[in-house]
Amino acid sequence: METTDSLPLTLIIITPDKRMPDILSDSITLPVRDNKNGKNGGSYGIRKGHISCLIALGEGEITAKAQSCVVFTKPCKSGIAELNRDTVTLTLTE
């Protein structure tokens, strides 16, 4: 069984009010913003080794799982996600 110390992803969430405690997980799902025509939104999944990227967040749920169990969930209205070296940093606007 995997311990939380060996989980490959770190989720950092920064809100306008505070930085939340880091969350360790093996997969993260983010809500993706629709384009200007209201199409192509949905969700975006991240696992260990994912390429670095920036993601515009849309309205929906942020979910982190460890060993197929949900360890964290938070509603999101908008923000930016930055993925770099298995660390996902979310800067939420609300």
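Details
- When residue 84 is tested against the conditions (1) modelled with pLDDT of 95 or more; (2) touching a strand residue (DSSP E or B) at 6+ places or on another chain (Cβ under 7 Å), the lone failure is (2).
- One residue stands out in segment 1-23 among those that are among the charged types (D, E, K, R) and within 17 Å of residue 69 (Cβ to Cβ): the one that is modelled with the lowest pLDDT, namely 2.
- Members of segment 54-92 that are in a strand (DSSP E or B), without any contact (Cβ under 8 Å) to a residue 60 or more places away in the chain, open to solvent by 30 Å² or more (accessible area, probe 1.4 Å) and touching an Asp or Glu at 6+ places or on another chain (Cβ under 8 Å): 54, 65, 73, 75
The values are calculated or read from the model by the stated rules, or taken from the named source; none is laboratory data. Since the model is a prediction, treat every value here as computed from it, not as a measurement. Methodologically, a virtual Cβ is constructed for each residue, glycine included, from the backbone with ideal geometry; neighbour enumeration extends over all protein chains shown. Note: areas computed on protein heavy atoms with side chains; ligands, DNA, RNA excluded. Shrake-Rupley method; radii C 1.70, N 1.55, O 1.52, S 1.80 Å.
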